Amino acid sequence: DRDLATWQRTLLAGCLGTTACAVAAGYALARRVTRPIDELRAAAARLAGGDTTTAVPATEVAELADLATALSRLRAQLVERGLTIGRQGTQQEAVLGSMIEGVLAVDARQRLLGINRAAADLLDVDPDESAGRLLIDVIRNPDLRRFALTAIDCRAPVEDDLVLHGPRDRTIRLRGTARRDASGEGGAVIVLNDVT
């Protein structure tokens with residue numbers, strides 16, 4: 001019985017030791033496999049947040065290497081699209097800034113999306129402080145606000161004249177065209193031309 005109990009204790013200790021070694025080896029193997037996944041997940045989250053300076057980590061696991069390559073290509077495409085959008089924005093600002101006619105854009109909620117210098121001068125507003133604000137907060141002329149609402153709702157371009165009162169009354173020809181962006185959000189672009 002003593003010998004059997006000794007062998008049982010030895011066998012139990014051996015089983016516990018083997019189990020502990022197996023758990024430690026399994027944990028180390030799991031960490032080795034999940035670490036690259038965690039790194040790729042973190043890199044993807046930073047890319048989704050707009051951080052295109054993040055380098056995508058390389059991995060030795062074949063299946064994850066394909067994912068890392070795809071994320072690297074996605075990062076390069078995001079960088080290229082960002083540069084393209086920046087160039088288009090600069091070109092658009094240059095075109096709008098050089099126009100004699102005033103141009104302003106509003107969304108469906110009559111929030112001012114943009115206004116060029118000519119329109120800002122005609123309406124006596126600051127273009128930098130006006131962007132993103134409601135039309136009613138920026139432009140005091142109720143006829144222009146009504147015209148903007150009409151332009152948003154009409155499918156065909158609309159025209160009208162309006163008189164801006166001030167030290168010198170000015171007659172402004174308005175042309176409005178409804179617009180839809182990629183998300184289907186409505187709005188209008190309004191061109192103001194001083195025909196006094």
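Taking the listed residues A44, A48, the one that is at negative phi, in contact with a Leu (Cβ under 8 Å, 6 or more places away or on another chain), modelled with pLDDT under 85 and of a type outside the set (D, E, K, R) is A44, with no other qualifying.
Considering region 103-138, the residues that are closer than 14 Å to A151 by Cα and in a strand (DSSP E or B) include one that is most open to solvent (accessible area, probe 1.4 Å), namely R111. Among the conditions (1) at pLDDT below 80; (2) touching a Gly at 6+ places or on another chain (Cβ under 9 Å); (3) part of a helix (DSSP H, G or I), the only one that L64 does not satisfy is (2).
Residue by residue through region 17-44, note down the ones that are under 30 Å from E80 (Cα atoms), of a type in the set (A, V, I, L, M) and open to solvent by less than 60 Å² (accessible area, probe 1.4 Å).
Taking region 17-44 first, the residues under 30 Å from E80 (Cα atoms) are 35-44.
Adding the requirement that they be of a type in the set (A, V, I, L, M) leaves 37, 40, 42-44.
Scanning region 17-44 gives L40, A42, A43, A44.
Checking region 77-95 against the condition returns no match, with no residue being at pLDDT below 85, open to solvent by less than 90 Å² (accessible area, probe 1.4 Å) and not in a helix (DSSP H, G or I). Before we move on, is G14 of a type outside the set (K, R), open to solvent by less than 60 Å² (accessible area, probe 1.4 Å) and without any contact (Cβ under 8 Å) to a residue 24 or more places away in the chain? When the stated conditions are applied, G14 passes them.
The values are calculated or read from the model by the stated rules, or taken from the named source; none is laboratory data. Everything numeric in this text was worked out from a predicted model, so none of it was measured. Glycine also receives a Cβ, built like all others from the backbone with ideal geometry; neighbour counts cover every protein chain displayed. Quick note on the areas: whole protein, heavy atoms, side chains included, nothing else; ligands and nucleic acids left out. Shrake-Rupley method; radii C 1.70, N 1.55, O 1.52, S 1.80 Å.
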